[in-house]
Amino acid sequence: MRLILPLPGNEIFARHLAESGGWELGAIETRRFPDGETYVRILSNIANRPVDLVCTLAPPDDGFLRLVFAADAARSLGAREVTLVAPYLAYMRQDRRFLPGEAVTSKTFARLVSSTFDRLVTVDPHLHRYAALSALYTIPTETLHAAPLLADWIAAEVQKPLIIGPDEESEQWVSAIAARIGAPHAVLSKTRHGDRSVDVELPDLSQWSGLRPVLVDDIASSGDTLFEAACKLPLQGFARPVCAVIHGLFAEDSYQRLLAVADRIVSSDSVLHASNAIRLAPLIAAAISAARNVPRDIVRHRRPAEPLDEVERAGIDSFPASDPPPWTSGVSRTRTPVPQQGKGDSAT
């Protein structure tokens, strides 16, 4: 049976995923040492089992090293394969070098993930200049799409919707959502001037007066596009819009700003937030189940599982890593002689 292991902050999503797939939910213990280093311990039996580490990557930096430690520990303890389930995948923004000397972090991050995991499952990564994740990642990737779930939520919750996309590039995506629920659609004209500055122009929407505008987007980070559009819609006689996004990052005070000009804000649960209304776990569970028949030769085991040490064979745990070892207590203890170290080895 698959084992679902949540990284801190991902426990609710992991529980929904385990329930959707009928799999076991495991646990990981993590904490910080006084010097800031990370302690990781897997509390579940994972030998010869497929393991899915659940970790949405928003924000990515604080927990990424902890995620790498957990993946490496799972492999060393004998996991058959280690998959990263990242409902939100970070580091897709910097997909080229805009200024001399910039790091193209999308490529660097992909190399790090590809060297750590056997497979990646994610939802609607922000592909802009890349046609697919395979252009970046060297491991098998599964890209899932939440637009149908977004469309179904709109159909169930909004009467007479007018679907509005953030820019011309979203035309195909927005038209598919609208077609699924039989609603009209339009797209905005957007010009971005930097991380925190954007100009938005609305087309003439008068032919759809009386409909409820629904602003849809794949990611709401600064929320500037949605905010500017929501402010301009009343100028054409529309009511305050509903905002529906897949990945609700809502940096800083963007959620509160948007809430002041929107009727309602909803997002998927790819990132834990008060606006979560659309569950992605069934979508991901179905994809993982369908992948069971994929040939095993695509799974890259980078090293064999480590043999059990004496403590593990005895069926007990060693002292917690944060506790002092017994020889620091001042009590004299008899030590069993150890074999002579080879040249270049250290006994300390």
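Worth a mention:
- The range 236-291: number of residues that are farther than 21 Å from Val85 by Cα and among the β-branched types (Val, Ile, Thr): 4
- Meeting the requirement of 1 or more residues that are more than 27 Å from Tyr91 (Cα to Cα), modelled with pLDDT of 95 or more and within 27 Å of the chain's Cα centre (by Cα), the strands (runs of 3 or more DSSP E) wholly within the range 232-347 are 242-248, 264-268.
- Residue match in the range 37-46 (condition: within 24 Å of Ala291 (Cβ to Cβ), of a type in the set (Gly, Ala, Ser) and without any contact (Cβ under 8 Å) to a residue 24 or more places away in the chain): no
- Counted residues, the range 49-69 - those being under 20 Å from Val121 (Cβ atoms), within 16 Å of the chain's Cα centre (by Cα) and outside any loop (DSSP other than H, G, I, E, B): 8
- Qualifying residue in the range 110-126 (condition: among the charged types (D, E, K, R), within 30 Å of Val214 (Cα to Cα) and without any contact (Cβ under 8 Å) to a residue 60 or more places away in the chain): no
- Whenever a residue of the range 56-71 is assigned by TED's automatic domain parsing to the domain that holds Phe117, its partners that are among the aromatic types (Phe, Trp, Tyr) and assigned to a loop (DSSP other than H, G, I, E, B), lying with C-beta atoms within less than 8 angstrom and at least six residues away or across chains, give the pairs Thr56/Tyr88; Leu57/Tyr88; Leu57/Tyr91; Ala58/Tyr88; Pro60/Tyr91; Ala71/Phe117.
- Of the criteria (1) assigned to a strand (DSSP E or B); (2) among the charged types (D, E, K, R); (3) farther than 15 Å from Ala146 by Cβ, which one Asp204 fails: (1)
- Test for Ile28: is it touching a Gly at 6+ places or on another chain (Cβ under 9 Å), of a type in the set (Val, Ile, Thr) and buried (at least 20 other Cβ atoms within 10 Å of the Cβ): no
- For the range 210-229, the set of residues classified as modelled with pLDDT of 95 or more and not basic (Lys, Arg) consists of Leu211, Pro213, Val214, Leu215, Val216, listed by residue number.
- Note on the range 77-179: enclosed strands (runs of 3 or more DSSP E) holding 3 or more residues that are over 20 Å from Pro60 (Cα atoms) and in the same structural domain as Cys243 (by TED's automatic domain parsing) are 161-165.
- Top-ranked residue in the range 72-108 [being in contact (Cβ under 8 Å) with a residue 40 or more places away in the chain and more than 19 Å from Ala291 (Cβ to Cβ); ranked as surrounded by the fewest Cβ atoms within 10 Å (Cβ to Cβ)]: Ser76
- Where Pro148 falls short, out of the listed (1) buried (at least 16 other Cβ atoms within 10 Å of the Cβ); (2) within 20 Å of Ala290 (Cα to Cα): (1)
- Residue under evaluation Ala244, criteria (1) within 19 Å of Pro161 (Cβ to Cβ); (2) exposed (fewer than 12 other Cβ atoms within 10 Å of the Cβ); (3) out of contact with any Gly (no Cβ under 7 Å at 6 or more places or on another chain), criterion not met: (2)
The values are calculated or read from the model by the stated rules, or taken from the named source; none is laboratory data. What you are looking at is a predicted structure, and each value in this text was computed from that prediction instead of being measured. In this analysis, Cβ positions are derived from the backbone assuming ideal geometry, glycine residues included, and neighbour counts consider all displayed protein chains.
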